[in-house]
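Some notes on the structure that comes next.
The values are calculated or read from the model by the stated rules, or taken from the named source; none is laboratory data. This structure is a prediction, so every number in the text was calculated from the model and none was measured. Glycine also receives a Cβ, built like all others from the backbone with ideal geometry; neighbour counts cover every protein chain displayed.
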Amino acid sequence: MELRYLRYFVTLAEELNFSRAAARLHISQPPLTRQIQQLEDELGCRLFFRSTRGVELTEAGQSLLEDAHRILSLVGVAKERTSKTGRGQIGQLDVGIFGSAILCHIPRMLFQFRTLFPEVEITLYQQTKAEQIQALRERRLTIGFNRHVPVEPDIVIETVFFEPLVIALHSKHPLARHKSIRIAEIVNEPLILYPRTRPGFADDVMALFVKECAQPKIVQEVTDVVTSIALVSSGFGICVAPQAASNLKLPGVVYRPIKADPVPAIELACLYRREDESPILAAFLDVARKFRPSYGD
């Protein structure tokens, strides 16, 4: 049974008049009559009574009408879902996240995407670089975000933006009175460094001191930005962090930009499978490529 037959049948059943039904279908009356006759021949029963008063549904026709409405409705839903899936507007987006970026940029990016594609289900996974790469290869992840991602032949690494670095210190520290701070001014200050894993963000911090021909006074190495800022809050020391960390409003902690030209910054990159042609990934990448970070709002 062709769907076209069902559409013709439903239209005629609703109009109960061949002329009006043909006009709604944008065809002439003879083809409509032939299609209905062919449908009746295929089913082996009469669907309509024809009389001088017009057209009426038979009992068989009434039964078919109920099923036809359901069938055409399901077909419409299937077409819409398929079309949305093909445009990346429906489905599942699995995102690997990490560290300080989840404090600001990634949530805003995800919010922009969800606003555009509210029917896409988003799931977040806190993962290291190695875990993200493995999850991508096993198709458990659609896209990941990280820094210092190693080059892999099957993984695309795409820079999203460069984020300025700041210095986190206690509000009672003498340097907190400054609007900006040079790296040379913190060479002898107790430094909290993160993360312990190498290569990583800690290498970028160390490079700032190398540029000043100085060795930092590291008093503690921790695994994450939250622990680092918590130690700053206790007066344990100072720390260099991406600007997104300034969203951590812990007691006594203030953030100051680094005084330098150019201002030191760190890359935030996304990573995904090279052969992945998923419409959802393409739609999310479009949002990520247009994303511009903002601070302090």
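Out of all the residues in region 124-138, is one or more modelled with pLDDT of 95 or more, surrounded by 14 or more Cβ atoms within 10 Å (Cβ to Cβ) and in a loop (DSSP other than H, G, I, E, B)? No; the residues of region 124-138 include none that is modelled with pLDDT of 95 or more, surrounded by 14 or more Cβ atoms within 10 Å (Cβ to Cβ) and in a loop (DSSP other than H, G, I, E, B). Scanning region 176-228 for residues that are closer than 21 Å to PRO150 by Cα and surrounded by 17 or more Cβ atoms within 10 Å (Cβ to Cβ) yields TYR194, PRO195, GLY200, PHE201, ALA202, ASP204, VAL205, MET206. Among the residues here, ALA241 qualifies as under 30 Å from VAL156 (Cα atoms) and touching a residue at least 24 places away in the same chain (Cβ under 8 Å).
Taken over region 164-210, the residue count meeting the criterion of being among the charged types (D, E, K, R), touching a residue at least 40 places away in the same chain (Cβ under 8 Å) and in contact with a Lys or Arg (Cβ under 9 Å, 6 or more places away or on another chain) is 4.
How many residues does region 231-252 hold that are over 24 Å from ALA207 (Cβ atoms) and touching a Ser or Thr at 6+ places or on another chain (Cβ under 6 Å)? Residues that pass the stated criteria total 3. Within region 34-70, the residues that satisfy the criterion of being surrounded by 15 or more Cβ atoms within 10 Å (Cβ to Cβ) and β-branched (Val, Ile, Thr) are ILE36, VAL55.
Screening PRO150, PRO195 for residues that are in contact with a helix residue (DSSP H, G or I) (Cβ under 8 Å, 6 or more places away or on another chain), farther than 19 Å from PHE236 by Cβ and in the same structural domain as ILE218 (by TED's automatic domain parsing) leaves exactly one candidate, PRO150. Only helices (runs of 4 or more DSSP H) whose full extent lies in region 182-297 are considered here, and the ones with at least 2 residues that are aromatic (Phe, Trp, Tyr) are 201-211.
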